[in-house]
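Below: the structure, in structure tokens.
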Ligand code: NAD
């Protein structure tokens, strides 16, 4: 079964399932992305912060697949929030990836407590978008109050908001706000870096369906309508995480997994995170 696409608010189509490369060492990245492309993934989620953009680009070029068929996302790192730094950082990302066009460029974190206002950063993102080398722009780790400021002080609506979402952090308020404003939610750490896979409610559903816990959790995201990009460097798991479109969770199973929400983050809180390298 093929991966469905979701239409962003500017008409660009994004594959709902992708491959994330956070914490994939640069020396392992070419192999990991090659494997993902062989398995059938056509969407890669990277970031300047991950230190592996060059290898992501190399793997795509070496695959023989037309680069226009692979949806690539990268993100502006925290140290580059000033306008001029942001424009330079985008150029560097394009150089490192070695691609003509980027599909999606995101502000990685809002950093609301540093001395650069993320509204300035978003205006730089608008300039980048206007330049035509990037098909869509968006944000990551933005809460509704951050987004409201963008709506009132800038012109372009973010196409996506990439936030932490998994069964222990349903993040439904932010997701609902995104949906109300034509912003697609992307769920990062969709299996909570593995933490939710031993949950008895999830293993029971997996057993009933003859699927793995990772497949059950990823399928839950898909049926909620979010975009996901699980990370693994193990071929068997990369294949497993891709096989999500030949089964379904029923309403009761969806509700059981949604009921596991306990507001538990695996990553930083966007309202207080202020790390600048
Ligand atoms: P994840 O939830 O995808 O979990 C990955 C870990 O789970 C792997 O290291 C592996 O140990 C394990 N795993 C993967 N597949 C498995 C399987 N089938 N069975 C058992 N274990 C399995 O965590 P992640 O990498 O943090 O998140 C995915 C992607 O989200 C990242 O690679 C990155 O692209 C993105 N991300 C974005 C942000 C952000 O701030 N925007 C933050 C974190 C992650």
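Quick look at the numbers
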{"item": "Where a residue in segment 12-39 is farther than 17 Å from residue 237 by Cα and touching a residue at least 40 places away in the same chain (Cβ under 8 Å) and its partner, wherever it lies, is more than 11 Å from the ligand (Cβ to nearest atom) and part of a helix (DSSP H, G or I), with Cβ under 8 Å and at least six apart", "result": "16/222"}
{"item": "Qualifying residue in segment 39-58 (condition: more than 19 Å from the chain's Cα centre (by Cα) and over 21 Å from residue 5 (Cα atoms))", "result": "yes"}
{"item": "Among the candidates 55, 38, residue that is touching a helix residue (DSSP H, G or I) at 6+ places or on another chain (Cβ under 9 Å) and farther than 21 Å from residue 133 by Cα", "result": "38"}
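No lab work stands behind these numbers, since they all come straight from the coordinates. Note that the structure is a prediction, hence the values are computed from the model and not measured. So basically every Cβ, Gly included, is an ideal-geometry build from the backbone, and we count neighbours across all protein chains shown.
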